[in-house]
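Q: I have a structure here, written as structure tokens, and I will follow up with some questions on it.
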Amino acid sequence: MKKLRRYLVAGVLVWAPLAVTFLLLRIAVNLMDKTLAVLPQQYQPDELLGFHIPGLGVILTFLVLFITGMLAANFVGRYVVGGWESLMDRIPVVRSVYSAAKNFAEIVFSDSSESFKKVLLIEYPRKGLYSLAFQTSSELGEVQGRTGEDIVCCFVPTTPNPTSGIVIMVPRKDITVLDMDVDEALKMIISLGVVVPTWRKEQTAELPFDIPEQ
């Protein structure tokens, strides 16, 4: 029975990641294929070819994003985008949602931003317990002024869904910056701590205990 269970678990570990990857890619492709609906009926690929080819919406989505970015990068495009954002700011409810979404997108996708570039180890939810967190901001204005400390804003993700979590502000002196990459930290969080990133460091004398060889 132990061998049977071991073989079944080994089979699940092989097929489960493949199935999840396939399903997520299928959902993403089907979602982007819906962008073909913006084309006139007579110019849609299904009408021209007489049959459906999955993935054509992906090409259209990338083309739209590329052309939009190229236009927004020049002077005329920036003027149009500025006018659009000014219009959105005048709509009472829409401006709050649009502004929050725009700021989040700029934080996550901007190369110049330091957000989500560092993996931190903090003592949370109390002293003696540790949690992984991501640095989101280090310039907190009034928060730093009123606390009188160098405060770092951290996002503590939940397990196994790292897209949800809480935002806490921690003094920099209470933060340990880890060597692991963001994607490695996400794997560790999603796997409930089962997948631990390999950490190779030549000098461990400063650590309170020895790290076992991996």
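Every number in this text was worked out from the coordinates using simple rules, so none of it is lab data. All values derive from a computational prediction rather than experimental measurement. For neighbour counting, all protein chains shown are included, and Cβ atoms are generated from backbone atoms with ideal geometry for every residue, glycine included.
Q: Contact order normalised by length for the range 1-125, with contacts defined as Cα pairs under 8 Å and 6 or more residues apart; what percent is it? Intermediate values should be presented prior to the final figure.
A: Values: 46 pairs, mean separation 15.8, N = 125.
The value is 13 percent.
Q: What ³J(HN,Hα) values, in whole Hz, does the Karplus curve 6.51 cos²θ - 1.76 cosθ + 1.60 give for the range 137-154 when θ = phi - 60°, with x put for Gly and Pro?
A: Whole-Hz 3J(HN,Hα) from phi for the range 137-154: 6, 10, 10, 10, x, 4, 4, 5, x, 7, 7, x, 10, 7, 9, 10, 7, 10.
Q: Helix check for the chain. Which DSSP H runs span at least 20 Å along their own axis by Cα, with a mean Kyte-Doolittle hydropathy no less than 0.5?
A: Details: long enough: 2-33 (46 Å, 1.08); 56-72 (24 Å, 2.56); 75-89 (21 Å, 0.36); 92-109 (26 Å, 0.69).
Answer set is 2-33, 56-72, 92-109.
Q: May I ask for the net charge around Ile53, where only other residues with Cβ less than 14 Å from the Cβ of Ile53 are counted and Lys, Arg are +1 while Asp, Glu are -1?
A: Values: positive: none; negative: Asp33, Asp46, Glu47.
After counting each charged neighbour, the total is -3.
Q: Starting from the coordinates of the alpha-carbon atoms of the range 119-190, obtain the Kirkwood hydrodynamic radius over all distinct pairs and give the value in Å to one decimal. Spell out each step's value before the answer.
A: Values: mean 1/r = 0.0793 Å⁻¹.
After inverting the pairwise mean of 1/r, the radius is 12.6 Å.
Q: Determine one quarter of the surface area of the Cα convex hull of the range 2-109, which equals its mean projected area, and express it in nm² to one decimal. If you can, show how the numbers build up before the last one.
A: Values: hull surface 48.7 nm².
The orientation-averaged projected area of the Cα hull of the range 2-109 comes to 12.2 nm².
Q: Find the Rg to Rh ratio for the chain, where Rh is the Kirkwood radius over alpha-carbon pairs and Rg uses the same atoms. Walk me through the intermediate numbers first.
A: Details: Rg = 23.6 Å, Rh = 22.2 Å.
Checking Rg against Rh, the ratio lands at 1.06.
Q: Right, another one. What net charge is computed for the residues neighbouring Leu13, neighbours being all others with C-beta under 15 Å from the C-beta of Leu13, Lys and Arg scored +1, Asp and Glu -1?
A: Working: positive: Arg5, Arg6, Lys187; negative: none.
Taking every Cβ under 15 Å from that of Leu13, the sum is +3.
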